[in-house]
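J.: The structure follows.
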Amino acid sequence: MASTRSKTEVYLLGSLEHSITGTKLPSKKQVLQVFLYHHLQQRKTKNDAAVDTMAVVEEFWKRARIPMQKPQRARENIIRLYEKWVALKKNKNRATATQKANERKFVDSLENLFDIAHANAMSMITLEEDREFLKAQREEGRRGSMISRDMSLAKQESRRKKRKEEEQRRVTKALQEQEKVDETAELSSSSSSTCSPKRPFDEGAGPSASQMPPSKRPRSSKKVLDSHLSAALDRTLTSDRDAVHLISAAARSLGHDPNQLVINRESFRRDRRKFRAVAAAEIKKSFKPSVPLTVHWDGKIIPTADGGPAVDRLPVLVSGDGVEKLLAVPSLPNGTGQAAAHAIITTLEDWGVENRVVALSFDTTASNTGLAAGACSIVEQRLGRDVLHLACRHHIYELICEKAFFTCFGPSSGPEIQLFKRFKVKWEYLDRTTPKAMEMDKMSQNLRERRDDLLVEFQRLLDGQHPRDDYRELLELSIIVLGGQPKRGIRITRPGALHRSRWMAKSFMR
């Protein structure tokens, strides 16, 4: 009996299981038992065993209504758990303190949740009860359970399903009726064209005109929208409804009958979505960089296309030797480093360039540079290797300006500088008709000695290319302060943003 038990029991797990039972989300032990059942007993490969195990685990997560990771990532987590078990099993005959400690640590963690929740699950879940359940399951021992089904929610889903079925039934019925009408029209047209000529119609020759079926315009099949025209409509931000009026008028002016062309809003909507998907797939397929890449990102709050509230979007770009590509501009549920890191990694994996990344380019906000929760640290951990950190040099200059301002004016009591704020508010009341350069006698001795050299250098820099108007404005103001005159003349522009994230702000106002 003892010999049979030793053959059936599995190291640190007890026994193998082909299914998972209970009212909690699956634990690491349950997942590993099912995986080993398929891998060892059913003789399946690791990938196939992970697929079968994931099918069992997925049922519990769907029942709990908790968003999950992508299936591929969840299967990778299962295989990693298995490989950790294999590493311990290789040294099971060792009686060292380290081996025993590792075994105890592994066994203690087996009853914890095998967490495959989506990275943004807490913000994606709509019901507070589901959020609290996930929090409880993540505690040691997986506190809580799925006791019963939410009948109210089940009724809502049942009603929603019935509405969809009814809508689909109405659409199908309408299509069938339309096909019958088209067939009748075609048969009527065919019979009238094959009949021999007869004498003019009189009252007794046949049915009256009121009994004849109404004539129906045959459905047109000639499309005018192709990929090039669709791209032009997208570039000009033309809606589907406006495109119908525009293309219809253009077809008529070119001598075509719009009734003979496929010109309607729904067809345009479907075709434009199809062309966008094809273009996106071709671009992604053709992008195969063979050089090391640097990832750039910077969050921007922009309004939505439908005029709704503004959303936080994160443009993600990569650059390298002869390579510069905007990969995606995903929306973020919040401004945390974890949300940004998840969007960056998801984008890189979607384009298949994560193995080419060697550096990260970012601004110096806490959400990026945080030691534990910063986007840079999380991205580096997800990549599984060290990468070069390239902090934005403009934000580094901000620290220099901050220190100079602190030395000249002292510390500030808040995020806004009241001196600058008052200047901006009173801008309309200032006399700006005759701006003048600074007079020489008002300059310090040190500034007068270096004035000529500075004017030459500033003018040289001003003649170059400037990616932002901020740089040009700073150089022109510097020339005006030194008593010179820029090529565009002496003029003072209205103060812009003065928050501390703009490293140029204090230089402008100084």
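J.: Using 22 Å as the Cα-Cα cut-off, could you pick out the over-long pairs in K180/K274; K300/K424; K436/K487; K84/K105?
T.: Details: K180/K274 29 Å; K300/K424 24 Å; K436/K487 15 Å; K84/K105 12 Å.
Cα-Cα > 22 Å for K180/K274; K300/K424; rest within.
J.: Multiply the residue separation of L419 and M124 by 0.36 nm, subtract the distance between their alpha-carbon atoms, and state the gained length in nm to one decimal.
T.: Additional length available on full extension: 101.9 nm.
J.: Kindly state, to the nearest 0.05, the FRET efficiency for D257 paired with S290, given R0 = 60 Å and r defined as their beta-carbon distance. Please list the in-between numbers first.
T.: Values: r = 52 Å, r/R0 = 0.87.
In this case the efficiency is close to 0.70.
J.: Excluding ligands and nucleic acids, what accessible area in Å² is computed for D298 using a 1.4 Å probe, to the nearest 10?
T.: About 60 Å², rounded to the nearest 10.
J.: What accessible area, in Å² to the nearest ten, does a 1.4 Å probe give for T21?
T.: Accessible area of T21: about 110 Å².
J.: If you don't mind, another one. What is the calculated FRET efficiency for V278 to R393, with r their C-beta to C-beta distance and R₀ = 45 Å, to the nearest 0.05?
T.: E between V278 and R393, to the nearest 0.05, is 0.70.
J.: Still on this model: Can you give me the % of accessible surface on the stretch 319-451 that is carbon or sulfur? Probe 1.4 Å, all protein chains present, nothing else counted.
T.: 54
J.: Arrange the peptides 350-356, 29-35 so that the one whose residues have, on average, the most other Cβ atoms within 10 Å appears first.
T.: Working: 350-356: 16.4, 29-35: 23.9.
My ranking of the peptides, most packed first, is 29-35, 350-356.
J.: To continue, here is another question. Run the quick spin-label model on T21 and E111: label points 7 Å from Cα toward the beta carbon, then report their separation in nm to one decimal.
T.: It is 1.8 nm.
J.: Here is a further query. Just subtract the alpha-carbon distance of K325 and T45 from 0.36 nm times their residue separation and send over the number in nm, one decimal.
T.: Gain on extension, K325 to T45, equals 97.0 nm.
J.: Binned at 10 Å from 0, what are the whole-percent values of the Cα-Cα distance distribution for the stretch 34-157, short to long?
T.: Taking every Cα pair in the stretch 34-157, the percentages come to 11, 34, 33, 17, 5, 1.
J.: Kindly provide the GluC sites (Glu not before Pro) of the stretch 61-136 that DSSP labels as loop, not H, G, I, E or B, and whose Cβ sees at most 13 other Cβ atoms within 10 Å. Don't skip to the answer; put the middle values down first.
T.: Values: sites: E76, E83, E103, E111, E128, E129, E132; in loops: E111.
Listed in order of number, the matching sites amount to none.
J.: Where in the stretch 39-75 is the amide nitrogen less than 19 Å from a point lying 7 Å along the Cα-to-Cβ axis of K135?
T.: The answer is 64-67, whose backbone nitrogens lie closer than 19 Å to the label point.
J.: Related question: May I ask you to list the aspartates and glutamates whose Cα is less than 15 Å away from that of K92, ignoring any residue fewer than eight positions away on the same chain?
T.: E9, E83, E103
J.: What lysines could a cross-link reach from K70, if we take a straight Cα to Cα line under 19 Å and drop same-chain neighbours fewer than 8 places away?
T.: Counting by Cα, and skipping residues close in sequence, K70 has these lysines nearby: K28, K46, K62.
The values are calculated or read from the model by the stated rules, or taken from the named source; none is laboratory data. Keep in mind that this is a model prediction, so the values were computed, not measured. Every residue, glycine among them, receives a Cβ derived from its backbone with ideal geometry; neighbour counts consider all protein chains shown. Accessible surface areas use protein heavy atoms only, side chains included; no ligands, DNA or RNA. Shrake-Rupley method; radii C 1.70, N 1.55, O 1.52, S 1.80 Å.
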